[in-house]
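Some notes on the structure that comes next.
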Amino acid sequence: MISINIQKQLHMAQGMGMLNINVQISSKSFTAVYGPSGAGKTSLLRMIAGLMQPQQGSIEVDGVTWFNSVTKINHTPQNRDIGFVFQDNALFPNMTVEENLLYALPKYADKSRIYRLLDMVGLQSLVRQRPEFLSGGQKQRVALARALVRQPKVLLLDEPLSAVDDLTRVSLQNNLQQLHHELGLTTIMVSHNVPEIFKLADNVIHLDNGLVKQNETPARVFNILNAQHGLTLLGEVVQVNNSEIFILADGNIIKVKQALQTAHLSIGSKVSIHAADLSLKKLS
Amino acid sequence: MYQPLWLTFKLAFVTTVCLIIIGIPIAAGLAQTKSKLKSIAEAVISLPLVLPPSVLGFYLLLAFSPQNGLGKMLNDVLNLRLIFSFTGLMLGSVIYSLPFMVHPVQAGLEALPVSLKEASQTLGKSNITTFFKVLLPNIKPALLTGAILTFAHTLGEFGLVLMIGGNIPGVTRVASIAVYDEVEALNFSTAHVYAGVLLAVSFVILLIVYTTNRHIFKKRITQ
């Protein structure tokens, strides 16, 4: 169990604000931290990692205090049992893939775990490459493997998949899911991507302006229970002729047949469009 | 005849080695600190860039003089005479060339993404290990630039050397002073040798700096 109760003054989306977070995260769960830019997501992750210090509060992991402003306990990042994957992957450019992982290996630890990790993320063939010759997805795989070399209890990911293409994203999600289960990790991931959160996370911490808005399952946070059968769009009339009305809604121009009840509409009228019977078609 | 050249290169080499040892920690400290005193420290280190060498030499002459505080103490306690000696020249050169080592290294360190250092910390590595294994190896061009510029700048010293070293053959008579001396004595052929060697070496050194930096710059762009 990770208990977080922290306060810190921060620059946020709407100027200076107070980050005030009080959440519990169960062991071996996969938690997504979701919310608009400047809500404090990355700051939360960095404070768990010890890269940023809260002004007040405490962070406790499985009964061990990592931070406590009252008793003045503040473990350095080195002494927290974490793996951190940075948004920019932070691979060391002067080292090969293998050397990046070897660097993370604690003294006297068994080297074979490095090759097992590289195997799990499918990178055995690239061990002698330097990061500059890898694609974005490959770099993030190396960063993920490297973060796990120390066999951390908690894996922290700061939007690790935001800069890769969709196909790579899906395959990286699979890697992440597999590693999370096989290694029994408690994983906390900052993500903007709703499908990704549905796929990976058991729990979502929804932050807004430094506060926890919701701390629930993805289905509850994204309101799947209240999903509707139809679709309602709000729009504005841009052109009217005898038989048709053209409406701008969500950046699209939609054409609707004139009918009795629309006779009084003119350019600039605000309207809502209702569609029932939604049908889906698979792309690619 | 070659003694002044030998002395010049010896001084430049020793100064560069000293500054690699002293300058890198100073640069690292400046790159890291958020202290309000940072600007003052930067200004002090940069003084030799704008100060006439003779002014710096004048103050060092006073400081090193066996009649005054520091020089007297060094003289009495360590039996070390800094005036008109190679050691004094070396110390002066280290101060004189300090910005040429500190600036490139500090800029190099400041340009590295913070995440490199943070990643190393989250991998359990101490700040010292992080510095030597991650940060320094990734600023090689800056280190090379700092070392080469320090070397070249020391080759070109004149005013400072004259003030604190004088013109003692084999001890403090470096090539730049020898050129002046030979011209004064109308020995143009000897002056040509010194001047030619200094010109050629300085040019080659700057050429190396610019080629390596451009090469690295290009490599970064194509990534």
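The values are calculated or read from the model by the stated rules, or taken from the named source; none is laboratory data. These numbers were taken from a predicted model, which means no experiment stands behind them. We place every Cβ from the backbone using ideal geometry, glycine too, and count neighbours over all the protein chains shown. Side chains included, ligands, DNA and RNA excluded: accessible areas come from the protein's heavy atoms. Shrake-Rupley method; radii C 1.70, N 1.55, O 1.52, S 1.80 Å.
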Quiz item: Take the residues of segment B:48-67 that are in contact (Cβ under 8 Å) with a residue 40 or more places away in the chain and surrounded by 15 or more Cβ atoms within 10 Å (Cβ to Cβ): which is nearest to B:ARG81 (Cα to Cα)?
Solution: B:PHE64
Practice problem: Say whether the condition of being part of a helix (DSSP H, G or I) and open to solvent by less than 60 Å² (accessible area, probe 1.4 Å) is met by at least one residue in segment A:32-41. | Solution: yes
Practice problem: Name the strands (runs of 3 or more DSSP E) wholly inside segment A:42-126 in which the number of residues that are open to solvent by 30 Å² or more (accessible area, probe 1.4 Å) is 1 or more. | Solution: A:56-61, A:64-68
Exercise. Output the residue which, of all residues in segment A:137-162 that are touching an Asp or Glu at 6+ places or on another chain (Cβ under 8 Å) and away from every other protein chain (no Cβ under 12 Å), is farthest from A:PRO36 (Cα to Cα).
Key: A:LYS153
Self-check item: Odd one out for B:THR129 among (1) without any contact (Cβ under 8 Å) to a residue 12 or more places away in the chain; (2) away from chain A (no Cβ under 14 Å)
Solution: (2)
Practice problem: Out of A:GLU196, A:GLU159, A:GLU182, report the one residue that is within 30 Å of A:LEU118 (Cα to Cα), open to solvent by 80 Å² or more (accessible area, probe 1.4 Å), in contact (Cβ under 8 Å) with a residue 24 or more places away in the chain and of a type in the set (D, E, K, R). | Solution: A:GLU182
Quiz prompt | helices (runs of 4 or more DSSP H) wholly inside segment B:7-113 that include at least 1 residues being of a type in the set (Lys, Arg) | solution = B:38-50, B:69-73
Quiz prompt | Which listed residue is open to solvent by less than 20 Å² (accessible area, probe 1.4 Å) and out of contact with any strand residue (DSSP E or B) (no Cβ under 8 Å at 6 or more places or on another chain), from B:GLN106, B:GLN121 | solution = B:GLN106
Quiz item: If you go through segment A:42-49 one residue at a time, do you hit one that is in contact with a Leu (Cβ under 9 Å, 6 or more places away or on another chain), more than 14 Å from every other protein chain (Cβ to nearest Cβ) and touching a residue at least 60 places away in the same chain (Cβ under 8 Å)?
Solution: yes
Self-check item: Where a residue in segment A:241-267 is part of a loop (DSSP other than H, G, I, E, B) and its partner, wherever it lies, is surrounded by fewer than 10 Cβ atoms within 10 Å (Cβ to Cβ), with Cβ under 9 Å and at least six apart
Solution: A:SER243/A:LYS257; A:GLN258/A:ASN241; A:GLN258/A:ASN242; A:GLN258/A:SER243
